[in-house]
1. Net charge within 13 Å of ALA173 by Cβ-Cβ distance, Lys/Arg positive one each and Asp/Glu negative one each, not counting ALA173 itself?
2. Calculate one ³J(HN,Hα) per residue across region 323-332 by plugging θ = phi - 60° into the Karplus curve 6.51 cos²θ - 1.76 cosθ + 1.60, and present them in order as whole Hz with x for glycine and proline.
3. So, counting K/R as plus one and D/E as minus one, what does the shell of residues with Cβ under 15 Å around ARG86 add up to?
4. Using the Karplus curve 6.51 cos²θ - 1.76 cosθ + 1.60 with θ = phi - 60°, work out ³J(HN,Hα) for each residue of region 21-37 in order, rounded to whole Hz, and write x for Gly and Pro.
5. Could you state the principal axis extents of the C-alpha atoms in region 69-190, from the largest down, to the nearest angstrom?
6. Any idea what % of Cα-Cα pairs in region 115-259 are farther than 22 Å?
7. Specify, per residue and in Å³, the volume enclosed by the convex hull of the alpha carbon atoms belonging to region 9-105.
8. Once the Cβ-Cβ distance between ARG263 and TRP130 is put in as r, and R0 is 35 Å, what FRET efficiency do you end up with, to the nearest 0.05?
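Nothing in this text is a laboratory measurement; each read-out follows from the coordinates by a stated rule. The model shown is predicted, which means the values in this text are computed figures rather than measured ones. So basically every Cβ, Gly included, is an ideal-geometry build from the backbone, and we count neighbours across all protein chains shown.
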Amino acid sequence: METGSTEARASEAHVRRVLDVALRLGEALLARQAGSADTADSVLAAARAYGVPEPQVCVTGDTITLSVPRGVPGAPVTAMWLVPSRSPDYSRLYEATELAQRIAAERPPLDQVEPELVELAKGGHRYARWVSTAALAVMAASMSLLLGAGALVVLVAGVTTALIDRVGRALNARRVPLFFQQVIGAALATGVTVALDAAGRLPSGTGPSLVVAANIAVLLSGLATVGTVQDAITGYLLTATSRGVEILLSSIGVLIGVSIAVRCGVFAGVDVRVTPELPVALVSVPTRMLAGAVGAGAAAIANYAPFRAAAAAGAAGAAGSLLYLLATVVGANTVAASFAAALGIGLAGALCARRLRVPPLVIVMAGIFPLVPGLSLYRGFVDLSTGQYLPGMSALVTASGIAIALGCGVVLGPQLAPALRREIGHLRPVRGVRRRGHAQVHRLPALAGAETVPAGPPEGGSENGPRDGGSG
């Protein structure tokens, strides 16, 4: 009896240790804005890799719960891990994804995995903070260029965003909530630009709209819009609701900040109306593609992505800008064109991510930055702040539609990638065939889908059933 009791305690101790490792891995993914489905699949795969039978996982906005309901002495064994904050860090996301794949494939000893998880939790960023600030400034400059701004306005947008970022970091160090950081950032963006316009420092007829629209796009670019849509589509409704409320509060904070500065501008007699959108000319296509590539690459660097990931994101941004223009040329509206461009980015990210050794999320999140509806948001905010409620709500509905279309496009792309890869595989030449005159070997890039590691549905549940909190 005593020997059996010792074996039971040892078995339960091993299970608890595995649960701790799996939960720490899930935290490393979820804290870097990975999707709930990807996080859950990685946690389940890690638990199964170390021999824990029939694990069940529940992922919500800020918690991960893992349970072993039966088959273990002393079961059920349940553990929970809190994820108090989420901030994008694409280098750490890649390292966590690579570790999850290695655990599922190689099952390294727990003594080796545990120090790596500790390092993931406390490790610093890949770049210095000023590099991220400079990248954010480049993001704003490229966005204003996409909107048709001139050189001076592009410079003002970049400098203003750099100022907002430094102020935001100081506020964050003092634990000021994100809502108030958004209020102050939007007020700074609008106030500085309105003041420059009032002083006659901006080109005649420009108005503050292009600068503020670019800054709003940067302020909202760090929000997990794509992850929210992905969670809603994959059945994690509680997590999607939680993230959606966070996005809504941040957007309201931007609205309040813009309204404060606009009211001050109106009181001072400054024209704060939004300039009409300029038609896209054929000669502007190369410029827009270049701006899209630079903006997407800068978005990746701002979130501490490796340079190879930034290059891939830049290519995705250029391709997305081109797809958006082509869709508008054939008559698609703004929402449909945004969906088509995001679908292309999501598909390309899924096909190229493994060859480039970066998670698909890094490519798509940075790649869609040139498509963020900054001008529509600013138009809606200004109309609401000046009492024009109907056009203001119309503009915000359009911006919401664009955001949802972007999320749906980048989620659908990886779902279509396996079928596209099979079709390409049927058409490719036999491996190893060389053409005369140049030794070229035809090979197909490895596929990297949206999942971090392949895993089936949770034990005891339906493959299409919900896996969110309370679903069991």
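1. Residues near ALA173 contribute +4 overall.
2. So the J values, rounded to whole Hz, are 4, 4, 5, 4, 5, 5, 5, 7, x, 6.
3. -3
4. Once rounded to whole Hz, the list reads 5, 4, 5, 5, 5, x, 5, 4, 7, 5, 5, 9, 6, 5, x, 5, 5.
5. 68, 30, 24
6. The calculated P(r) of region 115-259 puts 48 percent of pairs beyond 22 Å.
7. Convex hull volume per residue, Cα atoms: 78 Å³.
8. 0.55
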